[in-house]
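Engineer: My questions all concern the structure below.
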Amino acid sequence: MSVFKNKNIILGVCGGIAAYKSAELVRLMIRQGAQVQVVMTQSAKEFMAPLTFQALSGREVRSELFDLNAEAGMGHIELARWADLIVIAPATANTLAKIAHGIADDLLVTLCLATKAPLLVAPAMNQQMWRNESTQMNIELLSRRQGLSLCGPDAGEQACGDTGPGRMAEPDNILKSCGNLLKSCTESHESAHKGLRLKGKQVLITAGPTIEDIDPVRYISNRSSGKMGYAIAQAALDEGAKVILVSGPTALDAPQNAELFLVRSARQMYDTVFQRIDSVDIFIATAAVADYRPIKKIDKKIKKNADKLTIELVKNPDILKDVAALLNKPVSIGFAAETNDIESYALDKLQRKNLDMIAANKVGETEGFEGDNNELHLFWRPRVNKRKSHKKTEISSKKLPYASKKQLAEQLIDEIVLLFVTEAN
Ligand code: PMT
């Protein structure tokens, strides 16, 4: 998805011959999914008609600091708050100087002073004006105080006949700089909201399918790719957890820093989990464990002599159920993969296996397994004393709508942290 999607951008246009290029910039931003509000200085209107920007942005151009109509709707302070990004292109020496020194005598400068949004400027001016010590000092001041981002200016032939730095950067390049700035703001916003909320916690995750051998060349398994479990392992690592990943055979690379144990059968998965469970705080069973295995593995390849062949199966141990039955059980989260009656089967597993939470998902030929996306329906009960079972009532639920498994994993970890970790600390 474009980083511009649904972003609110104020495009400030100052008076300069390069103002005509800003029309193209509006078009590019809108095409990327942004909402663009153009704000023109008085001198910008000498170069470009506001109507052009209005037609391209679908919004009335704003210029006046005190405009009765505008203040009745979205006033200048609301507009400053509305913005996710302010871009000034072209930015003149005059406007840069006013922002640097806090001279709020027009709408554009006022918005720059009143906003928390990042500011990107694409200067355009005569090369000597750009080189002037005052301009350079203002740029430095803005970079230090407001974290200003600069795009350009480019060097070359100028409209006044000079040659040197001062040409406005091309709209394509300004768009790229805006994209990078929005991306880094989104990332730092996300990491500020995350932190390391699982620091000091051990999370054990089972993932992928298990394989139950019939003979040396044939086996019973399922379509689990491991993607969901590996994404959860990564999301837990991102929150600072120590992660133990017990995985059936998959084609995936394990997340760096996870302690990986590769297993084949349900019984191997069971043993590997129980060798490590004592120190585990949170257990998440994402694996599609085979419920049954052949009662015995035939040593040699079975010959196809008979018209009918019966393979007797025996039930595998239930890893999740046994973990949740431990006296000192970790927070126990299961998954329910169902083709039908998802909610009732999931609730049954939540109760029967004495889980803290279950993530239900629909599986089928095109759903749940293998793909990069999924949707989950979470059901949980408040955590009670480890030795007691949950009461039958008090079940809460939340739908995590269709999204990438990476996003779902992050949301699931977020819910687990909020419900079971923060509360327990
Ligand atoms: O791996 P992907 O391709 O990304 O697909 C993800 C997924 C569909 C496999 C995953 O989202 C999922 O639903 N995993 C659980 C699959 C499953 O086996 O569900 P179940 O309803 O049969 O089992 C219920 C729970 O008990 C599960 O948490 C399972 O891990 C656990 N279990 C089941 C049997 C058993 N012997 N031991 C267990 O621990």
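Engineer: Mind listing the phi-derived Karplus ³J(HN,Hα) values for the stretch 267-273, rounded to whole Hz, using 6.51, -1.76 and 1.60 with θ = phi - 60°, and x for any glycine or proline?
Structural biologist: Working through the residues one at a time gives 5, 5, 5, 4, 4, 5, 5 Hz.
Engineer: Report, in whole Å, the centroid distance computed from the Cα atoms of the stretch 232-279 and the stretch 1-72.
Structural biologist: 52
Engineer: How would Glu212, Glu187 rank on accessible area, largest to smallest, probe 1.4 Å? Before the final figure, lay out the partial values.
Structural biologist: Details: Glu212 5, Glu187 95 Å².
I get Glu187, Glu212, largest accessible area first.
Engineer: Okay, next question. With all pairs of different alpha carbon atoms counted, what Kirkwood hydrodynamic radius in Å does the stretch 194-422 show? Can you show the working numbers first?
Structural biologist: On the way: mean 1/r = 0.0552 Å⁻¹.
For the stretch 194-422, inverting the mean 1/r across all distinct Cα pairs yields 18.1 Å.
Engineer: Also: Report, for the chain, the % of DSSP beta bridges that are antiparallel, rounded to 5. It would help to have the intermediate numbers written out before the result.
Structural biologist: Working: 21 of 63 bridges.
Around 35 percent antiparallel, to the nearest 5.
Engineer: So what J values fall out for the stretch 212-217 if you push phi through Karplus, 6.51 cos²θ - 1.76 cosθ + 1.60 with θ = phi - 60°, rounded to Hz, Gly and Pro as x?
Structural biologist: 10, 6, 9, 8, x, 10
Engineer: How big is the antiparallel share of DSSP beta bridges in the stretch 168-312, given as a percent to the nearest 5?
Structural biologist: On the way: 3 of 18 bridges.
Here the share of antiparallel DSSP bridges comes out near 15 percent.
Engineer: Starting from 0.36 nm per residue, how many nanometres of slack lie between Glu78 and Lys199 once their C-alpha separation is accounted for?
Structural biologist: Details: separation 121, 0.36 × 121 = 43.56 nm, distance 3.90 nm.
Using 0.36 nm per residue and subtracting the Cα-Cα distance, I get 39.7 nm.
Engineer: Divide the volume of the convex hull of the Cα atoms of the chain by its number of residues and quote the answer in cubic angstrom per residue. Kindly include the intermediate steps, with their values, before the conclusion.
Structural biologist: Values: hull volume 89.9 nm³, N = 425.
Hull volume normalised by residue count: 212 Å³.
Engineer: Relative contact order for the stretch 194-422: what is it in percent, counting Cα pairs under 8 Å that are at least 6 residues apart? Before the final figure, lay out each step's value.
Structural biologist: Numbers: 485 pairs, mean separation 44.1, N = 229.
Relative contact order comes out at 19 percent.
Engineer: Two decimals is fine: what is log10 I(q)/I(0) at q = 0.10, 0.11, 0.15, 0.16 Å⁻¹ for the stretch 148-299, from a Debye sum with one equal scatterer on every Cα and no solvent?
Structural biologist: -0.55, -0.60, -0.83, -0.89
Engineer: Beta carbons within 10 angstrom, averaged per residue: use that to sort the peptides 277-287, 357-367, highest first.
Structural biologist: Numbers: 277-287: 21.9, 357-367: 18.5.
For the peptides 277-287, 357-367, the packing ranking is 277-287, 357-367.
Engineer: Once every Cα of the stretch 1-121 carries one equal point scatterer and solvent is ignored, give the base-10 log of I(q)/I(0) from the Debye formula at q = 0.10, 0.18, 0.22 Å⁻¹, two decimals.
Structural biologist: -0.26, -0.89, -1.37
Engineer: Whole number in Å², please: accessible area per residue of the stretch 194-422, 1.4 Å probe, ligands, DNA and RNA not counted. Write out the running numbers ahead of the final one.
Structural biologist: Values: 12070 Å² over 229 residues.
On a per-residue basis, the stretch 194-422 sits at 53 Å².
Engineer: Add -39500 (n - 2.57) for each DSSP H run of 4 or more in the chain, then divide by its residues: what number comes out at 222 nm, to the nearest 500 deg cm²/dmol?
Structural biologist: On the way: 14 runs with 145 residues, N = 425.
Counting only the DSSP helices, I get -10000 deg cm²/dmol.
Engineer: Using the Karplus curve 6.51 cos²θ - 1.76 cosθ + 1.60 with θ = phi - 60°, what ³J(HN,Hα) values do you get for each residue of the stretch 158-163, in whole Hz, with x for Gly and Pro?
Structural biologist: Couplings: 10, 4, 7, x, 6, 10 Hz.
Engineer: Another question about this same structure. For a quick check of your reading of the filter: which trypsin sites (Lys or Arg not before Pro) in the stretch 64-143 sit in a DSSP loop and have no more than 11 other Cβ atoms within 10 Å? Mind dumping the intermediate values first?
Structural biologist: Working: sites: Arg81, Lys98, Lys116, Arg131; in loops: Lys116.
Qualifying residues, ordered by number: Lys116.
Engineer: If you build the Cα gyration tensor of the stretch 254-372 and take the root of 5 times each eigenvalue, what three semi-axes come out, in whole angstrom, biggest first?
Structural biologist: On the way: eigenvalues 160, 81, 50 Å².
Here the semi-axes work out to 28, 20, 16 Å.
Engineer: Find the accessible area per residue for the stretch 1-140; the probe is 1.4 Å, ligands and nucleic acids are left out, and the unit is Å².
Structural biologist: Working: 6370 Å² over 140 residues.
Result: 45 Å² per residue.
Engineer: Roughly how many percent of the accessible protein surface of the chain is carbon and sulfur, given a 1.4 Å probe and a whole-percent answer? Spell out each step's value before the answer.
Structural biologist: Values: 10820 of 21830 Å².
With neighbouring chains kept in place, the figure for the chain is 50 percent.
Engineer: Greater than 29 Å separation of Cα atoms is the criterion. Which listed pairs, Lys349/Lys405; Lys300/Lys353; Lys227/Lys398; Lys321/Lys362; Lys201/Lys315; Lys183/Lys362, meet it?
Structural biologist: Values: Lys349/Lys405 22 Å; Lys300/Lys353 38 Å; Lys227/Lys398 22 Å; Lys321/Lys362 21 Å; Lys201/Lys315 33 Å; Lys183/Lys362 33 Å.
Flagged as over cut-off: Lys300/Lys353; Lys201/Lys315; Lys183/Lys362.
Engineer: When only C-alpha pairs under 8 Å and at least 6 residues apart count, what is the relative contact order of the chain, in percent? If you can, show how the numbers build up before the last one.
Structural biologist: Values: 856 pairs, mean separation 43.1, N = 425.
Once normalised by length, the contact order is 10 percent.
Engineer: Which value, in debye to the nearest 20, describes the size of the charge dipole of the chain about its Cα centre when Lys and Arg Cβ atoms bear +1, Asp and Glu Cβ atoms bear -1, and nothing else is charged?
Structural biologist: Numbers: 54 positive and 50 negative charges, 395 e Å.
Dipole about the Cα centre, nearest 20: 1900 debye.
Engineer: Something else about it: I need to check one value: relative contact order of the stretch 215-332, counting alpha carbon pairs closer than 8 Å and at least 6 residues apart, in percent.
Structural biologist: For the stretch 215-332, the relative contact order is 27 percent.
The values are calculated or read from the model by the stated rules, or taken from the named source; none is laboratory data. The structure presented is a predicted model; accordingly, all values stated were derived computationally and were not measured. Cβ: placed from backbone, ideal geometry, glycine included. Neighbour counts: every protein chain shown. For accessibility, only protein heavy atoms count, side chains too; no ligands or nucleic acids. Shrake-Rupley method; radii C 1.70, N 1.55, O 1.52, S 1.80 Å.
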